[in-house]
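Since every read-out is calculated from the coordinates, none of them should be taken as a lab result. Not measured: the values here are computed from a predicted model. All Cβ positions, even for glycine, are placed from backbone atoms using ideal geometry, and neighbour counts span all protein chains on display.
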Amino acid sequence: MKLNNKGWGLQELLVGIGILLFCLLLIVSLINRNFRRLSESMGNSTNNSTEQKRPVEKEEEKEYTSYKDIETAMKKAAREYNTAIYGDDLQEDDNITVTLKSLIRDKYIESVHDIKDSKVICSGYVTFIKERNKVTYSPYLKCGSRYTTKGYLERLDAEIE
């Protein structure tokens, strides 16, 4: 590089612009990756691949005989969801809530109806927490005005968009 009193030459300017563009692309890709991870951790996967979504067996629509059966099925679906989404990445004391709507949408469980009135669609959520290397699942179900699990909180049943 020859220095004269005229400033930088075209060659140096192009190299500088190339370095800036490379840095900009690197920053954009890192931000995009972090937003994608955040979205996946919130259960709103933008990836439409069928790898993460598990198809529900199409034997026949499950008929539950008690609300406890529904809650057990919700726990099982949340366990499969946890394995597929978090796997070994779930950290100690992580407290995760997944709605029944999300489990249905991602095909971990079929739509759930009230056992006493098939016209009423149930809603709910499952919370799970990892403590001492063990994951504990707690389902909360609301089926119209007939049944609500003790400790159910309406605000946790709302799906975050």
Checklist entry - Considering only the other residues whose Cβ falls under 10 Å of the Cβ of Y86, what net charge follows from Lys and Arg at +1 and Asp and Glu at -1? => result -3
Next on the checklist: Considering the Cα positions of segment 67-157, please state its Rg to one decimal place and its Dmax as a whole number of Å.
Outcome noted: 13.1, 42
Next on the checklist: Step by step: find N for segment 111-151, compute 2.2 N^0.38 Å, then divide the Cα radius of gyration by it. What's the final number?
Outcome noted: 1.45
Checklist entry - Karplus couplings for segment 132-147 from phi (6.51 cos²θ - 1.76 cosθ + 1.60, θ = phi - 60°), rounded to Hz, Gly and Pro as x? => result 6, 6, 10, 9, 10, 10, 10, x, 10, 10, 9, 10, x, 9, 7, 8
Checklist entry - Which of S145, S111, Y125 sits farthest toward the positive end of the charge dipole of segment 67-157, with +1 on the Cβ of Lys and Arg and -1 on the Cβ of Asp and Glu? => result S145
Next on the checklist: Through the Karplus equation 6.51 cos²θ - 1.76 cosθ + 1.60, θ set to phi - 60°, convert the phi angles of segment 91-106 into ³J(HN,Hα) values in whole Hz; use x for Gly and Pro.
Outcome noted: 8, 4, 6, 5, 10, 10, 10, 10, 7, 4, 4, 5, 5, 5, 4, 8
